[in-house]
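Enquirer: Here it is: the structure, laid out below.
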Amino acid sequence: MVRKTLIAGNWKMNGLLEDGVSLAKGIAQEVKKAGRKDCEFLVCPPFTLLSSVKKAIKGSKVMLGAQDCHYAEKGAHTGDISPLMLKDLGCQYVIVGHSERRTDHYESNELIRKKAEAAINAGLKVIICIGETEAEKDAGKTISVCTAQIEGSVPEISNAQNTVIAYEPVWAIGTGRTPTAAEVEEVHAAIRKVVSKKLGRAISNKMRLLYGGSMKPTNAKELLALPDVDGGLIGGASLKVADFMAIGDASKQ
Ligand code: PEP
């Protein structure tokens, strides 16, 4: 089963115009040089940089994504951005359900499902994030938490073309800590089974599952070589061209 590797950078709330454009240009240049056919690269800058980053990556194969969206097409939602607006701007992807949004903005599985469905209906691909907290891990609840998150936040219209799931243990994000490779594979294999039950085996076999949480050049090779890991969602290390590209290189089999 060939699932094309996806290396996705989540810039979070980082980057002013000059830095953001220079980072995007650097990545675009290196991705062009690398000429990979087996791996896709995606950058997800903050909303304020989407337009400039789009220009900066023009002519390269780097794809553009946003970090969140509303579920409505338009209307009275001050401060929000609709999937249609993102599509209109040239985004191909949007991240939904990142743990920082689940925590900072009290986002529920139900809300994330609505956002994912709206984004897919607008013609975007979604990266739906799931993952357990440290307390949940310590209580042995990793698989049950991830199962509930998939059941609650992945819409019925999801398929392998329009949806990617990112497993991001909350305690591993930005901490420098990661689960062992065996733990990551166990969770990813379990996620694939839950997706299979929900959407069918054919979809589950083709759907890309990313690992996220302190992925860096030094641990990427081991994580990306796991059979059910199809790429990475990278935060901190996506803010440096060399680190982001080194993670990409680590995905070469
Ligand atoms: C993320 O926030 O999606 C993430 C994985 O962050 P980091 O790589 O910095 O842990």
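The values are calculated or read from the model by the stated rules, or taken from the named source; none is laboratory data. All figures in this text were calculated on a predicted structure; none of them were measured in a lab. Methodologically, a virtual Cβ is constructed for each residue, glycine included, from the backbone with ideal geometry; neighbour enumeration extends over all protein chains shown. Side chains included, ligands, DNA and RNA excluded: accessible areas come from the protein's heavy atoms. Shrake-Rupley method; radii C 1.70, N 1.55, O 1.52, S 1.80 Å.
Enquirer: Tell me what the chain gives for mean residue ellipticity at 222 nm when only DSSP H runs of n ≥ 4 count, each as -39,500 (n - 2.57), the sum divided by the residue total, rounded to 500 deg cm²/dmol.
Expert: It comes out at -13000 deg cm²/dmol, rounded to the nearest 500.
Enquirer: Continuing with this model, one more query. Using a Gaussian network model of the chain with C-alpha springs under 10 Å, which one of A76, A148, A225 is most mobile by mean-square fluctuation?
Expert: A76
Enquirer: Next up: Just the number, please: carbon plus sulfur as a percent of the accessible area of the range 15-66, 1.4 Å probe, no ligands or DNA/RNA counted.
Expert: Ligands and nucleic acids excluded, carbon and sulfur reach 54 percent.
Enquirer: Let me ask you something else. For the chain, the longest stretch holding no GluC sites (Glu not before Pro) located in a DSSP loop with at most 14 other Cβ atoms within 10 Å is which?
Expert: Working: sites that count: E73, E156.
With GluC sites (Glu not before Pro) excluded where exposed in loops, the chain gives 157-253 as its longest stretch.
Enquirer: Using Cα centres only, tell me the gap between the range 140-185 and the range 37-81 in whole Å.
Expert: 22 Å
Enquirer: Taking springs between alpha-carbon atoms closer than 10 angstrom, which of D68, D38, D138 fluctuates most in the Gaussian network model of the chain?
Expert: Highest fluctuation of the listed residues: D138.
Enquirer: Same structure again: If the label point is 7 Å along Cα→Cβ of M13, which residues in the range 104-132 have backbone nitrogen under 19 Å from it?
Expert: Flagged as within label range: 104-108.
Enquirer: Per residue, what accessible area does the chain have, given a 1.4 Å probe and all protein chains present, in Å²?
Expert: That works out to 46 Å² for each residue.
Enquirer: Compute the FRET efficiency between T175 and K58 as 1/(1 + (r/R0)^6), taking r as their Cβ-Cβ distance and R0 = 41 Å, and round to the nearest 0.05.
Expert: 0.70
Enquirer: Full-extension gain between H105 and T48, please, as 0.36 nm times their residue separation minus the C-alpha to C-alpha distance. Working shown, then result.
Expert: Values: separation 57, 0.36 × 57 = 20.52 nm, distance 1.92 nm.
So the extension gain works out to 18.6 nm.
Enquirer: Still on this structure: Below 8 Å, C-alpha to C-alpha, sequence gap of six or more: please give me the relative contact order for the chain in percent. Could the numbers behind the result be given before it?
Expert: On the way: 508 pairs, mean separation 51.0, N = 253.
It rounds to 20 percent for the chain.
Enquirer: Separate question: Past 23 Å, Cα to Cα: identify those pairs from K54/K87; K37/K125; K4/K216; K141/K240; K74/K125; K74/K198, in the order given. Spell out each step's value before the answer.
Expert: Details: K54/K87 12 Å; K37/K125 20 Å; K4/K216 20 Å; K141/K240 34 Å; K74/K125 19 Å; K74/K198 30 Å.
K141/K240; K74/K198, as the Cα separations exceed 23 Å there.
Enquirer: Another question, then. Any chance you could look up the accessible area of I81 with a 1.4 Å probe, heavy atoms only, rounded to 10 Å²?
Expert: Taking all protein chains as shown, I81 has close to 50 Å².
Enquirer: Next question, about the same structure. Pick from V145, V126, V96 the residue whose mean-square fluctuation is largest in a GNM of the chain, springs joining Cα atoms under 10 Å.
Expert: V145
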